[in-house]
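The values are calculated or read from the model by the stated rules, or taken from the named source; none is laboratory data. Bear in mind the structure is a predicted one, so any value in this text is a computation, not a measurement. Glycine also receives a Cβ, built like all others from the backbone with ideal geometry; neighbour counts cover every protein chain displayed. Side chains included, ligands, DNA and RNA excluded: accessible areas come from the protein's heavy atoms. Shrake-Rupley method; radii C 1.70, N 1.55, O 1.52, S 1.80 Å.
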Amino acid sequence: MQITDNIQSKRNGTRHSREYARDTLAMILAGGRGTRLSELTEWRVKPAVPFGGNYRIIDFSLSNCVNSGINRIGVLTQYKSQSLIRHLGKGWNFLNSKFGEFVEIIPAQKRIKDEWYEGTADSIYQNIDFIIKHNPEYVLILGGDHIYQMDYNPLLAFHEENEADVTIGCIEISKEEAGSFGIMAVDEQYRITRFEEKPDNPAVVPGKKNRCLASMGIYVFKTKKLLELLVSDADKEDTAHDFGRDIIPVALQSSKVFAWPFLEETSGRPGYWRDVGTVDSYYQANMELTGGDAKLNPGNPEWPVHTAPAHCPPARFMTDENGWPGIISNSVISAGCSLSDTRIENSVISSGVKVRGSEIINSVILPDVDIKPGCRIKNAVIDKGCTITEGTIIGESRKADNEWFRVSGTGVRLVTAEMIEAIRYRQEKLFIPAAALQLKKLNQTDYGLAAGG
């Protein structure tokens with residue numbers, strides 16, 4: 001019997017209560033810049049990047065916690081976190097502190113040593129007093145930058161049933177993809193025998209020649225074991241203070257470390273999980289929301305994705321002067337949009353977007369973008385707050401777009417407010433000091449002065 005068949009049969013015979021969730025403290029790592037997202041993270045941290053029309057990336061990890069009954073959550077921030085902090089303050093203050101529930105923002109503060117966070121493990125170590133204060137039985141460590149919907153209770157139950165010290169949530173991937181992930185070799189009991197970061201010759205799932213188990217960046221620790229490992233790692237000099245590279249390999253030497261494959265409950269197939277760490281993967285994950293067979297459903301009433309309310313009016317769809325209503329197909333249209341005389345296909349249109357007399361195909365438009373008449377936009381990600389001037393064409397000439405915008409390896413055009421401003425100043429032969437251009441950019445981005453949230 002294959003490994004995933006074994007674990008699925010175990011799940012089907014186990015009743016998963018929320019007993020373990022009540023004894024769990026979640027720590028969400030939300031401090032990394034995410035440089036592979038290029039200009040999307042120049043003024044905001046990766047978990048704060050808008051996604052899917054109404055959401056931020058971090059909303060998925062947070063919603064998984066709350067929907068699973070894990071209501072003690074610390075969010076660790078560091079890099080350019082103001083946008084994230086504002087979002088959490090507006091949308092994640094509904095837990096009841098009277099019952100010990102919270103989503104607490106924990107900024108980098110040099111609490112234990114005189115350095116900022118030096119790795120994922122170090123970020124937890126520098127807040128070890130927070131863990132001790134709440135005294136959980138288990139600590140669930142999550143990344144705040146992945147898109148998925150998961151009930152953590154089966155993971156916690158598996159961890160306890162196996163008397164594990166550490167359990168790693170993992171996803172089954174092809175062998176060709178393994179060079180981008182931490183890969184686990186496991187025995188028939190799902191106990192990890194080897195863990196390698198981005199291996200050239202990855203271990204495969206028993207019984208499957210071309211499939212590997214990749215770390216999802218989800219770790220369950222017995223609290224005592226986590227504290228031991230963190231303190232030991234902090235005293236070393238030859239360490240990156242990273243869970244995948246340092247903590248897990250050490251744990252394998254002396255502790256019970258298991259893998260828990262993330263599977264769909266009904267079919268037993270690998271669950272939906274996306275690492276949106278590049279412009280291409282971010283774009284593709286958004287595009288996967290537009291089809292009728294979308295595997296991710298943020299609107300599922302049984303597993304809702306919570307977020308900060310936009311306080312927008314309903315979307316408006318208006319005709320032109322001749323009564324033509326435009327065409328909208330296979331697209332996500334968010335609240336507060338105003339769409340007139342426009343064609344939109346296979347696109348995600350975020351809240352507060354205005355489009356008049358233009359064409360948008362296979363694109364992701366982030367909040368508060370204003371697209372003037374006569375534009376044609378294809379295969380693009382338009383960042384928050386951009387104003388696309390009349391007659392602009394994006395996505396039809398790679399050569400032309402390379403001059404002004406960021407063009408990814410697969411041809412996705414990334415457009416930001418600063419890029420649009422640079423075009424205007426060059427066309428109008430204007431000179432503007434660099435500091436003034438930077439200030440103007442700040443006014444138009446998610447970071448701050450004018451756009452808000």
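With respect to (1) surrounded by fewer than 17 Cβ atoms within 10 Å (Cβ to Cβ); (2) under 28 Å from residue 332 (Cβ atoms), the lone exception for residue 115 is condition (2).
Please go through region 310-332 and give me each residue that is of a type in the set (S, T, N, Q), modelled with pLDDT of 90 or more and open to solvent by 50 Å² or more (accessible area, probe 1.4 Å), ordered by number. Break it down into steps so the answer makes sense when it comes.
Just the residues of region 310-332 that are of a type in the set (S, T, N, Q), to begin with: 319, 322, 329-331.
Pick out the ones that are also modelled with pLDDT of 90 or more and you get 329-331.
Within region 310-332, just 330 meets the criteria.
Among strands (runs of 3 or more DSSP E) lying entirely in region 341-435, which contain 1 or more residues that are small (Gly, Ala, Ser) and within 21 Å of residue 41 (Cα to Cα)? Give the steps one after another, and end with the answer.
Working: elements: 343-345, 354-356, 359-361, 376-378, 380-382, 413-415.
Strands (runs of 3 or more DSSP E) meeting the threshold: 380-382.
Figure legend. Inter-residue proximity from region 294-308: first residues touching a residue at least 40 places away in the same chain (Cβ under 8 Å) and exposed (fewer than 14 other Cβ atoms within 10 Å of the Cβ), second residues part of a loop (DSSP other than H, G, I, E, B) and of a type outside the set (A, V, I, L, M, F, W, C), beta-carbon distance below 8 Å, spacing 6+ or different chains. Indicated pairs: 300/149.
Applying the criterion of at least 1 residues that are within 30 Å of residue 205 (Cβ to Cβ) and of a type in the set (Gly, Ala, Ser) to the helices (runs of 4 or more DSSP H) found wholly in region 223-326 leaves 248-254, 279-287.
Being more than 27 Å from the chain's Cα centre (by Cα), within 29 Å of residue 58 (Cα to Cα) and open to solvent by less than 40 Å² (accessible area, probe 1.4 Å) is the requirement here; does residue 178 meet it? For residue 178, the condition - more than 27 Å from the chain's Cα centre (by Cα), within 29 Å of residue 58 (Cα to Cα) and open to solvent by less than 40 Å² (accessible area, probe 1.4 Å) - is not met.
If the condition is being assigned to a strand (DSSP E or B) and farther than 16 Å from residue 249 by Cα, then region 141-169 contributes 141, 142, 143, 146, 147, 148. In the set 121, 185, 203, only one residue is outside any loop (DSSP other than H, G, I, E, B), open to solvent by less than 40 Å² (accessible area, probe 1.4 Å) and out of contact with any Phe, Trp or Tyr (no Cβ under 6 Å at 6 or more places or on another chain); that residue is 185. Among the numbered conditions (1) surrounded by fewer than 18 Cβ atoms within 10 Å (Cβ to Cβ); (2) under 21 Å from the mean Cα position of the chain (by Cα), the only one that residue 152 does not meet is (1). Taken together, 350, 363 contain a single residue that is closer than 21 Å to residue 418 by Cα, touching a residue at least 60 places away in the same chain (Cβ under 8 Å) and among the small types (Gly, Ala, Ser), which is 350. Among the residues of region 237-293, just one is closer than 30 Å to residue 116 by Cβ, open to solvent by 40 Å² or more (accessible area, probe 1.4 Å), within 23 Å of the chain's Cα centre (by Cα) and at pLDDT below 90, namely 245.
Can you go through 80, 98 and tell me which one is more than 30 Å from residue 406 (Cβ to Cβ) and open to solvent by 10 Å² or more (accessible area, probe 1.4 Å)?
Values: 80 fails: more than 30 Å from residue 406 (Cβ to Cβ).
Result of the check over 80, 98: 98.
For region 57-70, the set of residues classified as open to solvent by less than 20 Å² (accessible area, probe 1.4 Å) and either farther than 10 Å from residue 303 by Cα or among the aliphatic types (A, V, I, L, M) (or both) consists of 57, 58, 59, 60, 61, 62, 65, 69, 70, listed by residue number.
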